[in-house]
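Novice: One structure follows; several queries about it will come next.
Coordinate-derived values only; no laboratory data. Keep in mind that this is a model prediction, so the values were computed, not measured.
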Amino acid sequence: MNIKWENIAADFGNDFLKQNFMGPNSIMIMAELAESLDLHPGMKVLDLGCGKGLTSFYLAKYFNVTVFATDLWIPATENLKRINQLGLEDKVFPIHAEARTLPYANDFFDLAVSVDAYHYFGTDEYYLNNYLAPLVKAGGQIAIAVPGVTADFDKNGPSETLKKYCVSGEFQTFKSNAWWNRLWLRSETVEDIKSFDLKCHKTAWDEWLYSGSKIGTGDIPFIEADTDNQLAVVAVVAKKK
Ligand SMILES: C[S@@+](CC[C@H](N)C(=O)[O-])C[C@H]1O[C@@H](n2cnc3c(N)ncnc32)[C@H](O)[C@@H]1O
C-alpha cells in the first residue's frame, strides 16, 4: 500500500505528529519499511520501542492490524491518551516494558517491528535469538529500522567534520546495513535476511530537525556535519524460522 505522506500528515495533523516525534520521522520510516512487509488485516504486531506510538498508530490505521505498542521511556498511560484521541483503542494496546523482559507468550506475533529503537538494546549476539525472535510465530516477520552508517568505517573512521560527534555511546551503535546483516546471519532463529538503506533518510531527519523540538534542533549540527553522506537509516527484514 502506497499512501502519500501528505495524506498521512493530513490524517493525523501536522501538529500532532511534530509533538510526538522522538527522532527522524518514524511514520515515514515505517511506511518505507512496510513496502518490504506482508501486512494483512488482523495480524498481531509487536511495535518495540514505539516511543509515543506514531508507528503503531500508522500500522493500525492504514493496515487494520492489532498493535502492542511497547515502550520503556514513555508511560503506557500517556500512550493510551493518544490512542483514545485517535479512536484506535480497539487496535492499539499500550504496554510499558523493557526489551529484555517483554510480557508476551512465545509464538504470539505475526510481525515484530522496531523503528529507531533496536540499536539501544539489540546490537549484541544474543538479543534476537533469546528475546525477540521467540515471540514471533514460525514464518512471521521481524523488521527494524535504525540510524546507522552507509558503510563500515575503514581505519580513517568518520569524516573530519563528523568525527567530533562520533564519541558518544549512542554513535557506537550506528552500524551499516551489512553489519546488521552479518549479525542476523549468525542467528539460528531467522532466515531470508534483507538489509538496505532507506531512501527517506534525509527527509525523515529534516522533519525531526525542524519540528520545533529542542532536542531536534540540537541534532542539527550533527546531521549537517555529515557532508560525506556517511549516515543512513538502515533497515533489516527477516523471516522467523
Ligand atoms: C529515539 S526513541 C524512538 C521512539 C519511536 N520509535 C520513534 O521513532 O519515534 C527510542 C525509543 O526506544 C525505547 N527503548 C530504548 N531502550 C529500550 C529498552 N531497553 N526497552 C524498551 N524500549 C527501549 C525508548 O523507550 C524510546 O522510546
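Novice: Please report the relative contact order for region 1-58, taking Cα pairs under 8 Å with a sequence separation of at least 6, and give it as a percent rounded to a whole number.
Specialist: 45
Novice: Roughly how many Å is it from the Cα centre of region 20-53 to that of region 205-228, as a whole number?
Specialist: Using only Cα atoms, the two centres lie 21 Å from each other.
Novice: Continuing with the same structure: Which pairs break 25 Å Cα to Cα here: 44/194; 44/241; 199/241; 52/202?
Specialist: 199/241
Novice: What percent do you get for the relative contact order of the chain when only Cα pairs under 8 Å and 6+ apart count?
Specialist: 22
Novice: Roughly what % of DSSP beta bridges within the chain run antiparallel, to the nearest 5?
Specialist: 45
Novice: What is region 1-102's relative contact order, in percent, from Cα pairs under 8 angstrom and six or more apart in sequence?
Specialist: 23
Novice: A further question follows. Summing -39500 (n - 2.57) over the DSSP H runs of n ≥ 4 in the chain and dividing by its residue number, what mean residue ellipticity at 222 nm do you reach, to the nearest 500 deg cm²/dmol?
Specialist: So the helix-based figure for the chain works out to -9000 deg cm²/dmol.
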